[in-house]
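Inspection log for the structure reproduced underneath, given as structure tokens.
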Amino acid sequence: MKKLLYLSALSIVLLSCSNAAKTENIDDLISAKNVKALNEKKTALQADIAKIEAALATLDVKKEEALVSVLTVKDTVFNHYLDIQGNVNTKENILVQPEFSGTLTSLTVKAGDRVSKGQILGRVDDAGMSSQLASAQNQYSLAKTTFDRQKNLWDKKIGSEIQYLQAQTQMVSAQKAVAQINAQLAKTVIRAPFSGTIDEVFAEKGQVVAPSVTGLLRIVNLGNMYVSTSVPETYIGKLKLGDQVDVYLASLGKTYKGKVRQVGSYINPNNRTFGIEVSVPNPENLLRPNQVAKLKITDYTSKNAIVVPTAVIQEDGKGNQYVYVVEGSNGKTGTAKKVVVTVGKSSDNVTEILSGLSANDIIVTEGVNTISEGMKLNF
């Protein structure tokens, strides 16, 4: 018995001396700045640590139970979206300006009125052009009568050709004078360029107006709305005319179904983007120019995809992404198994799984951070 105690004590002393020697040896290597020997020591220690971790992974398996939520994976259609911001607009939103200088003699509309294309909105004083028109029409009537008579004589070979040509020229000149005055008079009448709503009126009856000075009123048509935005050039070829687009208006809390109606042919060299326009229906007349819209454009579709909630995907120390699958499920219990997966694109808080899972696999969706491989699961 005493011999056994002596051998045990000797072993402890030798082990202590060995550890002290190792410590002193490392200190000596550091003092001697022996880089090669230190790297060898480091490699040996890392190998020992790896062995310890491997042993712990096998031996230190948690056997306790955990309450989790699970989900059975199914084949489904997966869509990936490009989320981008744009502005609501309409091409029928203009300031109506007078084409003729003068006093505004009438203004027949007010803000909020619905108008039709071509409807008279107001008039500008014609500065006596109506009288000029009457005089020009009389001169034209006389010139036409003279020409008709001269033509009858010329058809009977009576008179000279020069008399016939002079009468014809005078008639044509008088006719052009009447047309010119009519064109000028038409500019004194202010008409709606398209159907829409009078949004604002800036002038009053009796005010002196002139072209290119100020607008008389604003007219807007909310029936032809669209969203314009810029898309990164990497999406060239992925967007086509007629593609469906979800248009979300945060200010309204509504989502509209739009369609791509125009795809730009020019790349902006400053930001490497091209423009698109998405037509948007406006049945309730709630859309307004310059509203901010969020576009959700489908740029990738997989018809038979395996998708899981993005939050259940975890990453281990080696950079592998994995999920927990339930093995041996009886509908209420099972065992946790770590499965490494290859992930694809993510959209709307779900991620496509390219490999590692199959349809009808049962994955853990809630409680994934509290379990480990081999643990018994209750659900």
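If the elastic network links every pair of Cα atoms under 10 Å, which of VAL339, VAL308, VAL178 fluctuates the most in the Gaussian network model of the chain?
Of the options given, VAL178 has the highest mean-square fluctuation.
Enumerate the whole-percent occupancy of each 5 Å bin, from 0 to the last occupied one, for all C-alpha pair distances of region 97-215.
2, 11, 15, 14, 12, 9, 8, 7, 7, 6, 4, 3, 1, 0
For LYS238 and LYS36 in the same chain, what is the full-extension length gain: residue separation times 0.36 nm, less their Cα-Cα distance, in nm? All intermediate terms of the calculation are to be shown ahead of the outcome.
Values: separation 202, 0.36 × 202 = 72.72 nm, distance 5.58 nm.
Result: 67.1 nm gained on full extension.
Mean-square fluctuation check for the chain, GNM, Cα pairs under 10 Å: which of ASN25, ASN304, ASN285 is largest?
Between ASN25, ASN304, ASN285, it is ASN25 that shows the largest mean-square fluctuation.
What would the Debye formula give as log10 I(q)/I(0) at q = 0.14, 0.15, 0.21 Å⁻¹ for the alpha-carbon point model of region 140-274, no solvent?
Ignoring solvent entirely, the Cα scatterers give -0.89, -0.95, -1.18.
Got a sec? How would MET129, MET171 order by Cβ neighbour count within 10 Å, fewest to most?
Details: MET129 18, MET171 22.
Listed from fewest to most nearby Cβ atoms, that is MET129, MET171.
If you take the beta carbon distance between LYS176 and GLN262 as r and set R0 to 25 Å, what does 1/(1 + (r/R0)^6) give as a FRET efficiency, to the nearest 0.05? Mind showing how you got there, number by number?
Details: r = 42 Å, r/R0 = 1.68.
In this case the efficiency is close to 0.05.
If you project the alpha carbons of region 319-373 onto their three principal axes, what span does each projection cover, largest first, in Å?
32, 23, 19
Tell me which aspartates and glutamates have Cα within less than 19 Å of LYS117's Cα, excluding those fewer than 8 residues away on the same chain?
Here the aspartates and glutamates satisfying the reach criterion relative to LYS117 are GLU92, GLU99, ASP199, GLU200.
Quick one: grab Rg to one decimal and Dmax as a whole number for the chain, Cα atoms only, in Å.
Looking at the chain, its Cα Rg and Dmax stand at 43.6, 164 Å.
How many angstrom separate the Cα center of region 320-359 from the Cα center of region 93-161?
80 Å
So which residue, out of GLU204, GLU315, GLU53, gets the largest mean-square fluctuation from a GNM of the chain using Cα contacts under 10 Å as springs?
Result: GLU53 has the largest fluctuation of those listed.
Taking R0 as 51 Å, what FRET efficiency do you get between THR76 and LYS318 from their Cβ-Cβ distance, rounded to the nearest 0.05?
Details: r = 30 Å, r/R0 = 0.58.
Efficiency, from the Cβ-Cβ distance: 0.95.
Quickly work out the SER346-to-ASN25 label distance, labels modelled 7 Å from Cα along the C-beta direction, and quote it in nm with one decimal.
Here the modelled spin labels are 4.8 nm apart.
How much length would be gained if the chain were fully extended between SER69 and GLN85, taking 0.36 nm per residue of separation minus their Cα-Cα distance, in nm to one decimal?
On the way: separation 16, 0.36 × 16 = 5.76 nm, distance 3.61 nm.
Taking 0.36 nm per residue and subtracting the Cα distance, the gain is 2.1 nm.
In debye, nearest 20, what is the charge dipole magnitude of the chain about its Cα centre with +1 on Lys and Arg Cβ and -1 on Asp and Glu Cβ, if you could check?
Numbers: 43 positive and 36 negative charges, 169 e Å.
Computed charge dipole of the chain: roughly 820 debye.
Given LYS303/LYS376; LYS41/LYS338; LYS318/LYS345, which pairs have Cα atoms separated by over 24 Å?
Violating the 24 Å Cα-Cα cut-off are LYS303/LYS376; LYS41/LYS338.
To test your reading of the geometry: what angle, between 0 and 90 degrees and rounded to tens, separates the Cα axis of helix 2-32 from the longest principal axis of the chain?
So the helix axis and the longest Cα principal axis differ by about 40 degrees.
Taking 51 Å as R0, compute the FRET efficiency from the Cβ-Cβ separation of LYS303 and ALA50 and round it to 0.05. Please report the intermediate quantities before stating the final value.
Details: r = 44 Å, r/R0 = 0.86.
Between LYS303 and ALA50 the formula returns 0.70.
Read-outs throughout are calculated quantities, based only on the coordinates presented, and are distinct from any laboratory measurement. Only a predicted model underlies this, so the values are computations on that prediction, with no experimental measurement involved. Please note: Cβ atoms are built from the backbone with ideal geometry, for glycine as well, and neighbour counts cover all protein chains shown.
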